[in-house]
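Here is the structure we will look at.
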C-alpha cells in the first residue's frame, strides 16, 4: 500500500498562525514524530516530471504544495509544510514520501516521471536537490510506493511502469529486483499487504487480469488466481465477519485473500476506494468515491450499501 510516514494529530484552529510543534528557545525545531501508516487517504492524479531538470522540478513541486504565505527561510520544513507534502504525495500516484531519518534535515521525496526515471529528492525550507536517480527504466512510471517489504528495517521503493513492468529499489535507488518483460502485458493495479502472515509483505498485483501475490523478500510468485478480473484499484483488509483478509477491487468485487475466489459482487464501488471502520464494529467498510460524485459506503459483511451508522 501507499506508505504514509507522518503522524498527524487533528488540526487545532488556534495553531494555524504558526508552525507546530514549537522548539525550546535556542534549540532547532524538531520534526513531527513519524511512523508508517499504510493506507492511501485521498484520490490521486497523474504526474509527469522532466528528469533533465529534477532539482528545479522538485523545487517547483515544493513551492506548489506549500502554503503560499509561508516564507521558506529555515533549513527545516515546519509541521504544516511536511503535512502539505504528505497530502500531495497521496494525491499523485507517482509521488511518495520516504521516512524521516534521525538527524536529517527536511524531507526526502521519491517520484517517477514519464521518461522512465525514478528520483529521490531532498527538500528543505531553503532548496531542493536530487540525491539519486535510477537508470533508464523500460517504460513510463505510473505509480510509486514505499514500504519495508522484507522486515529488515529498511524501506524499499516499488515502481509500476507501463508495459507491465515492476522495479524494486532501496532508498538510494540501487536496483533489488525487476520482473521479466514477458511476465505481463499490463498491470492495471497493485498494492502492498501481508496476506499470508509471514514476516514479509506481498505485492498484490492485478496483471493481465490475474491476481498474483509476489513475496516481498524472495520475489517469487506465491499465488495466481484461476479467474481473471478487472480493476484499477486494489485494497486489502478485513471487510466481513470472518478472520481472513479480503481483496477489494474498485469494480465491485470482494475476493477471499486465501483462495482468490469471489465472496461478493456488486456494482462498482467507485473510481477510488478506501477501507475504514467508520462505525466501530471492528469490521472495515468500503468507501467508494469518484470525482464529482457523492461518496458511497458499502458493508461487505451485510452485502449492502450503508445508509446510516447503526
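The values are calculated or read from the model by the stated rules, or taken from the named source; none is laboratory data. Nothing here was measured: the structure is a model prediction, and the numbers come from that model. Cβ: placed from backbone, ideal geometry, glycine included. Neighbour counts: every protein chain shown.
Observations on the structure shown:
- Residue 159 buried (at least 21 other Cβ atoms within 10 Å of the Cβ) and at pLDDT below 95: no
- For segment 147-161, residues that are free of Cβ contacts under 8 Å to residues at least 40 places away in the same chain and touching a strand residue (DSSP E or B) at 6+ places or on another chain (Cβ under 6 Å) total 1.
- Qualifying positions in segment 181-196 - assigned to a loop (DSSP other than H, G, I, E, B) and in contact (Cβ under 8 Å) with a residue 12 or more places away in the chain: 181, 183, 184, 185, 186, 195, 196
- Considering residues of segment 279-292 that are modelled with pLDDT of 95 or more and part of a strand (DSSP E or B) only, the residue farthest from residue 188 (Cα to Cα): 285
- For the residues 141, 95, 101, 110, the requirement of being at pLDDT 80 or above and more than 26 Å from residue 189 (Cβ to Cβ) singles out 101.
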